[in-house]
Amino acid sequence: MIKRHLAGLVFGLSLFLPHGVLADPAKRIIALSPHAVEMLYAIGAGDAIVAATDYADYPEAAKKIPRIGGYYGIQMERVMELNPDLIVVWDTGNKAEDINQLKALGFNLYGSDPKTLEGVAKELEELGKLTGHVEEASKAAAAYRAELIRLRTDNASKSEPKVFYQLWSTPLMTVSKNSWIQQIISVCHGQNVFYDAASDYPQVSLENVLLTLPEVILQSQEEGNVKGVDWSQWPEIPAVKNQHIYQLNADLLHRATPRALLGVQALCDALDKAR
């Protein structure tokens, strides 16, 4: 379950195509991540997707796309049968050996892994060029940038409540300064109590959390995460005492797509309740 949960998080971006372009717009695309599927639909290129991976479930039409694997591996035989003219790979979510094999087989690869919130707009534009949906991609990117600016502006002068983001419960995991989630917390002007942790997604103890006295606890909505820790046992934590524990949609928070801004708004709304 932890692997599935962490697979929703994104970290970097690379482009494997020699010049970032194809001779002709891609008409047969394999998208090897849920966020890549969402991106392609967002620019009007969803109908060109001939295969995807597990958990590619948005928009509704994406649920009908044939599956050829997941974080555990890709069915290479099916890839070769489908003969795509573009494969959108996920640098940190697909197995390195699978990506290397796809390279060796001569497929055109685009590495989808936006590292920043701003990077989502850039990738929309790049995918637009690769698929022949430049105008739609430009509009989607512009709308995304405008909404991100609005969110930053609206929250810039607000107070900074102390936030504990419960990435997972067993083991208890959170996020630090270089994580995707930290960017969202920053937009909402929250103070991450584990901002300076040594790793991006550190494992922490209940004692560590108690010492930080967070004013807000945020959890993803998965049942296993929510029920994994009974925070009511520690009423000395301000977030528990004042009932500022909120469950948020992990797909909105952990996928680098235009919908990420809905996740930003939801997190900001939660912090506003605690202000």
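The values are calculated or read from the model by the stated rules, or taken from the named source; none is laboratory data. What you see is a predicted model; the values in this text were computed from it and never measured. Cβ placement follows ideal geometry from the backbone for every residue including glycine, while neighbour counts extend to all protein chains displayed. SASA here: full protein model, heavy atoms, side chains in, ligands and nucleic acids out. Shrake-Rupley method; radii C 1.70, N 1.55, O 1.52, S 1.80 Å.
Taking the criterion of being at pLDDT 80 or above and of a type in the set (S, T, N, Q), the only residue of the range 6-47 that qualifies is Ser33.
Just wondering, is there one or more residues in the range 68-82 that are more than 30 Å from Asn208 (Cα to Cα), acidic (Asp, Glu) and in contact (Cβ under 8 Å) with a residue 24 or more places away in the chain? The answer is no, given that none of the residues of the range 68-82 is more than 30 Å from Asn208 (Cα to Cα), acidic (Asp, Glu) and in contact (Cβ under 8 Å) with a residue 24 or more places away in the chain. Taking helices (runs of 4 or more DSSP H) as the structural unit, those lying wholly within the range 72-141 and holding at least 3 residues that are charged (D, E, K, R), open to solvent by less than 80 Å² (accessible area, probe 1.4 Å) and touching a helix residue (DSSP H, G or I) at 6+ places or on another chain (Cβ under 9 Å) correspond to 117-131.
Taken over the range 171-193, the residue count meeting the criterion of being touching a residue at least 12 places away in the same chain (Cβ under 8 Å) and either in a helix (DSSP H, G or I) or open to solvent by 40 Å² or more (accessible area, probe 1.4 Å) (or both) is 12. Residues of the range 156-170 that are surrounded by fewer than 20 Cβ atoms within 10 Å (Cβ to Cβ) and either within 15 Å of Trp231 (Cα to Cα) or polar (S, T, N, Q) (or both): Ser157, Ser159, Ser169, Thr170.
Does Asp196 meet the test of being at pLDDT below 95 and within 20 Å of Thr116 (Cα to Cα)? Here the answer is no, as Asp196 does not meet what is asked. The number of residues in the range 209-239 that are open to solvent by 60 Å² or more (accessible area, probe 1.4 Å), part of a helix (DSSP H, G or I) and not charged (D, E, K, R) comes to 3.
If only residues of the range 35-71 that are open to solvent by less than 50 Å² (accessible area, probe 1.4 Å) and among the acidic types (Asp, Glu) are counted, the one that is farthest from Lys115 (Cα to Cα) is Asp54. For the range 134-154, indicate whether the set of residues that are farther than 30 Å from Gly73 by Cβ and touching a Lys or Arg at 6+ places or on another chain (Cβ under 8 Å) is non-empty. Within the range 134-154, one or more residues are farther than 30 Å from Gly73 by Cβ and touching a Lys or Arg at 6+ places or on another chain (Cβ under 8 Å). Here Leu206 clears all of (1) under 20 Å from Ala239 (Cα atoms); (2) open to solvent by less than 30 Å² (accessible area, probe 1.4 Å) except the condition numbered (2).
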